[in-house]
Every structure is written in C-alpha cells, then in structure tokens.
Amino acid sequence: SKAALFDADNKVKITFADVAGLDEAKEELTEIVEFLKKPGKYTELGGKIPKGALLVGPPGTGKTLMAKAVAGEASVPFFSLSGSDFVEMFVGVGAARVRDLFKQAKEKAPCIIFIDEIDAVGRSRGKGSMPGGNDERENTLNSLLVEMDGFGSDSGIIILAATNRPDVLDSALLRAGRFDRQISVDVPDISGREAIFKVHLKPIKFASEVDPKKLAAQTPGFAGAEIANVCNEAALLAARRGKKQVEMVDFQDAIDREIGGLEKRNKLIL
Ligand code: ATP
C-alpha cells in the first residue's frame, strides 16, 4: 500500500538521551530542534531556516536514531522513507510517492522528513549508473529536488537524510537551500562505546562484575548497532545458560559472536 513506504509516527519517544556520544552532532541538531519549536523566532530578523541536513557516517552509527531523536526532542511528527525503496519501481511511482510524502508532511508541519540511504536515489545523474531502469531513479530524484525547492524555509518542514556515501551524491542535492549542511555521525571511540554500552545495559539484569569500560575496551571498531546486538545476545545467552544475571563471560561470548558475524559479512563483501 501507499502508506507502507513511510510512517507518520506522531509519538516519537526517542530523545537525545537515547543517543549515546555523538555530542557534536547533537549540538548541531539542537539548532534544528529549536527551529522546529520556534520557527518565528528565527525568521523574524529575515533569516532563512535551513531546509535540510545530511547525516553522514558508516552503517549502524545511529543516523536513524538521531533523526528520530530530533523529532522526539521537538515533539513533532516523523515521516520516513528509504532511498532503497525506490530502486526497482515502475515509471512514475517513485516521483508520485515523493510528492505524496511532502503533501502529508505539509499537512502535519512542523515535522521531520527522514530519507535513509539517500545515495540510492540521489546518486549523481547520468554517471556510473546501471544501464536501463535508471530513468525512474532520476525522475524520483528530480521530484525530490522540485519538492525541496517548493516549500519556503518557514514551512516548518526539515528534511534529514542519511548516507555513508556523500561522495556519490548529485551535486544538485548539496546546493545551497537543499542539503547544504553535513553532520558527521562517526564510529564511536572508546568513551563513545562505553556510553553506548551504558544505554543498552539499562534494560538488562547484569552482575556487578560487568563493567562498561571493559566492554568498550574489548570492542574496537564496533558501531552502536553492534553494541546493541552484543547486549541483547549476552542476555539471551545468559538466559539459555539458566542464569539469573548476565555475567561478563556472556558478554565476552556475545562479543566473539559479533566479531565472527562481522568477519563473515566482510568476507562476503570481498
Ligand atoms: P544504517 O546506516 O545501517 O541505517 P544508522 O546509522 O541509521 O544505520 P541506526 O539504525 O540508527 O543506525 O542504529 C541501529 C541501532 O543501533 C539503534 O536503533 C540503536 O539501538 C543502536 N545505536 C546506534 N548508535 C547508537 C548510539 N550512538 N547510541 C545508542 N544506540 C545506538
């Protein structure tokens, strides 16, 4: 159905407190939260509120989570779609979906539109694309550009988009008045990992020996998504082992599994 491509969750409960680390990104996005809360305050002196920002970073680092947190902090609806949804679409469908989404967003403004994997639809036009089946992607991209230009900076709509390939994006998307701000959402360092472990340990019954600092030290290169997996996997392992609390050994085994999974995935890619 049409509605299945995006959801308009009016009750985003996620806030910046759910996003560990990433302090600089939060700081930059706090401004957007302010714009959504009090648009008038910012346009009063003739300034133009930015229409969009690009969240740039590797998979699993919390880009989607961050976009939801912006909506949650500002208490505004969150509309989302993924660029990959548009890859194999019939002629006209992608462009129509984009128009439909913006129409809904205008009715619910102030709000956030989140476009995940924008590179799938926003790849540079006419370059390095597969032969055939490419026109519809271009149509979709064009309609996105048209929609972005079609609302004023006082409309209360802010578009956040996520990508791990900013280099392949069509320069038209990055032009002033479109996604002219880039916010980096990087893989966490050791203290970032510790903070992410603390967030994901909250719902878990763990033994007092479990130390987020040690867990952070044992997980170099892990992104937030992998840390979330480790915590969940450790809890399931401990339960399978008949324990009443999750112990350090369960976390270590979960970390080993996650590393095994990552290696497998990397092999598939190579
Ligand atoms: P992708 O590019 O693969 O879509 P993403 O950057 O959008 O990834 P998310 O989907 O936001 O990543 O992250 C997946 C999950 O990992 C989150 O729902 C959350 O549980 C956890 N996570 C990632 N980063 C963080 C973080 N900084 N703090 C807390 N949890 C995090």
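The values are calculated or read from the model by the stated rules, or taken from the named source; none is laboratory data. Quantities reported herein were computed from a predicted structural model and do not represent experimental measurements. In this analysis, Cβ positions are derived from the backbone assuming ideal geometry, glycine residues included, and neighbour counts consider all displayed protein chains. Remember, those area values only see protein heavy atoms, side chains included, never the ligands or the DNA or RNA. Shrake-Rupley method; radii C 1.70, N 1.55, O 1.52, S 1.80 Å.
Structural remarks
- All positions within region 57-88 that are more than 15 Å from the ligand (Cβ to nearest atom), open to solvent by less than 40 Å² (accessible area, probe 1.4 Å) and not in a helix (DSSP H, G or I): Val76, Pro77, Phe79
- Those residues of region 90-112 which are away from the ligand (no atom under 15 Å from the Cβ) and part of a strand (DSSP E or B), in sequence order: Cys111
- Among the residues of region 95-123, those that are open to solvent by 20 Å² or more (accessible area, probe 1.4 Å) and over 14 Å from Asn142 (Cα atoms) comprise Asp100, Lys103, Gln104, Lys106, Glu107, Lys108, Ala109, Pro110, Asp116, Glu117.
- Meets criteria (away from the ligand (no atom under 16 Å from the Cβ), more than 19 Å from Pro188 (Cα to Cα) and aliphatic (A, V, I, L, M)) for Ala234: no
- Whenever a residue of region 198-221 is assigned to a strand (DSSP E or B), its partners that are more than 13 Å from the ligand (Cβ to nearest atom) and open to solvent by 50 Å² or more (accessible area, probe 1.4 Å), lying with C-beta atoms within less than 8 angstrom and at least six residues away or across chains, give the pairs Phe206/Gln245; Phe206/Glu247.
- In region 180-221, the residue that is farthest from Val246 (Cα to Cα) out of those that are open to solvent by less than 30 Å² (accessible area, probe 1.4 Å) and within 10 Å of the ligand (Cβ to nearest atom) is Val185.
- Test: residue in region 37-53 that is small (Gly, Ala, Ser) and touching a strand residue (DSSP E or B) at 6+ places or on another chain (Cβ under 8 Å): yes
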